[in-house]
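Just below is one structure, and these are the notes that go with it.
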Amino acid sequence: MINDTIAAIATAVGEGSVAIVRVSGPESVAIVESIFAAKNKLTQVDSHTVHYGYIVNPNTREKMEEVLVTVMRAPRSFTMEDVVEISTHGGVIAVKRVMDILLQQNVRLAEPGEFTKRAFLNGRIDLSQAEAVIDLIRSKSERAFSSAFKQVQGNLSKEIEAQRYTLLETMAHIEVNIDYPEHDVESLTSAFIREKCSQVMESIEKLLRTANEGKILREGIVTAIVGRPNVGKSSLLNALAKESKAIVTDIPGTTRDVIEEFITINGIPLKLLDTAGIRETADVVEQIGVERSKSALEDADLVVLVLNQNEPLHADDLQLMEQIKSRQVIVVLNKMDLPRQLELRQIEEMFESDRIVKMSVKEQEGLDALEAAIAGIFFSGGIESNDLTYVSNVRHIALLKKAIVSLQDAIGATEEHIPIDLIQIDVRAAWEQLGEIIGDAVGDSLIDQIFSQFCLGK
Ligand code: GDP
């Protein structure tokens, strides 16, 4: 049972017009009442009403801050407990004053994610919904947000529950067969198990098919921009990001670090890695940059190879092309504003024509074509269908895969005429693995680990 009252600053700390302190727990209304001076007594007001007044020092009644207080009584609140939200002036001091007074009462500072954890423990949301709250906060694109939003609404939970129900039915059927074998024919039960397990497996596989796009939505397509020094990589990154974070320079080999930048193209998030020009070098500092580029290259979902078409193909270019040819590659032929000196044939032999984009970053030409090429590779139209439930959480993906193995075992066992009570074990395992996704019977340490990823006050 949760019986203490917690508080935290719910808004980002910094200058803003308002800040919010959130208090949750059985004593929250009475405690805030004791430090609040206003016309109405909070303990007597209706739920979901807002009240103007002052936070005061309970001993001296000195006014500390002018506030609006919202009362939301259990169970109609985020945590399903009595919740009081105190809106203060923005900035650091106002919220700190209110927090200081609160913490001198019978109130504990909330741990990161503790409000959401209480919402979960009190049964308002399940674990997959709680996890989606983190995704919601962290989402970096509209699509990632709407995918997380749907998960918070319970789309994934409903799907998981439906599959678990089917498995539960199957388990009940098996149970009857075990208890009253004379009422049933084993072969019929086996057929029933196979049918139901296959059905559930199909649904899980469908969910897993969304996992790759889900991951991309959440984390962005990890994109490495590679090429020899001075071909225009930093310029391209800047053009895409529309702000200058990378250093653009004329001296070869000065982009020494890997720079990360998040951008979205038509709602598709890209995590851009700008890499130091990959080439053999004697310079030690630059060598480090080159090493990092190589590992960035390994991590990338997409490689954008930039070539300067104003120069003939260089041995380093060929080496790079060789190195990346088995990857998802887009070749950018840059500096189209200058005369062409590059022989296209070799490039056209190695890469599909829809993967070759002609650009002049300097003249801002060809950016659209590059964006279209990227979208073409990763989202074969499927992403547009907004009704899909995306699975993007690695924990969920691992559990779905485990459940598939259990179901395969169950189906295999029926074919080998293994006693039915042993098959029951596999079906139950799948049911439990799916249950873990929504937080049915999960251990405290897992719960703690999940909620510790949250920010304070959520
Ligand atoms: P990096 O070393 O590959 O990152 O190349 P930079 O982005 O630093 O660019 C090297 C030089 O090429 C800079 O002087 C850029 O202004 C120039 N540059 C980049 N793109 C173009 C282009 O499309 N046309 C021309 N003419 N110059 C470009």
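The values are calculated or read from the model by the stated rules, or taken from the named source; none is laboratory data. This is a predicted model, so every value here is computed, not measured. Positions of Cβ are backbone-derived with ideal geometry, glycine not excepted, and every protein chain shown enters the neighbour counts. Protein only, heavy atoms only, side chains kept; ligands, DNA and RNA dropped before computing areas. Shrake-Rupley method; radii C 1.70, N 1.55, O 1.52, S 1.80 Å.
Which residue out of 210, 189, 223, 170 is in contact with a strand residue (DSSP E or B) (Cβ under 8 Å, 6 or more places away or on another chain) and touching a residue at least 60 places away in the same chain (Cβ under 8 Å)?
After applying the criteria, what remains is 223.
Here is a list: 248, 290. Which entry is open to solvent by less than 70 Å² (accessible area, probe 1.4 Å) and either assigned to a loop (DSSP other than H, G, I, E, B) or modelled with pLDDT under 70 (or both)?
290
Mind listing just one residue for me: the one in the range 418-436 that is open to solvent by 80 Å² or more (accessible area, probe 1.4 Å) and without any contact (Cβ under 8 Å) to a residue 40 or more places away in the chain and, of those, nearest to the chain's Cα centre (by Cα)?
432
Could you pull out the residue among 156, 168 that is open to solvent by 20 Å² or more (accessible area, probe 1.4 Å) and out of contact with any Pro (no Cβ under 9 Å at 6 or more places or on another chain)?
On inspection, the qualifying residue turns out to be 168.
Which is within 16 Å of the ligand (Cβ to nearest atom), part of a helix (DSSP H, G or I) and of a type outside the set (Asp, Glu), of 338, 320?
Result of the check over 338, 320: 320.
Just for the range 364-387: of the residues that are acidic (Asp, Glu), open to solvent by 50 Å² or more (accessible area, probe 1.4 Å) and away from the ligand (no atom under 12 Å from the Cβ), which one is modelled with the highest pLDDT?
Here the residue is 368.
Give 304, 226, 222 a once-over and let me know the one that is closer than 29 Å to residue 398 by Cα, open to solvent by less than 30 Å² (accessible area, probe 1.4 Å), out of contact with any His (no Cβ under 8 Å at 6 or more places or on another chain) and at pLDDT 70 or above.
It is 222.
For the range 105-117, how many residues are over 21 Å from residue 33 (Cβ atoms), more than 17 Å from the chain's Cα centre (by Cα) and buried (at least 17 other Cβ atoms within 10 Å of the Cβ)?
2
Would you please name the residue that is farthest from the chain's Cα centre (by Cα), looking only at residues in the range 66-86 that are farther than 25 Å from residue 2 by Cβ and surrounded by fewer than 21 Cβ atoms within 10 Å (Cβ to Cβ)?
Only one residue tops the list, namely 66.
Here are 281, 255, 264: which of them is away from the ligand (no atom under 12 Å from the Cβ), open to solvent by less than 60 Å² (accessible area, probe 1.4 Å), modelled with pLDDT under 85 and not aliphatic (A, V, I, L, M)?
281
Would you be able to tell me the number of residues in the range 341-363 that are exposed (fewer than 13 other Cβ atoms within 10 Å of the Cβ), within 16 Å of the ligand (Cβ to nearest atom) and either modelled with pLDDT under 90 or closer than 20 Å to residue 236 by Cα (or both)?
Selection size over the range 341-363: 1.
At pLDDT 90 or above and open to solvent by 10 Å² or more (accessible area, probe 1.4 Å): does that describe residue 198?
Considered against the rule, which asks whether it is at pLDDT 90 or above and open to solvent by 10 Å² or more (accessible area, probe 1.4 Å), residue 198 comes out as yes.
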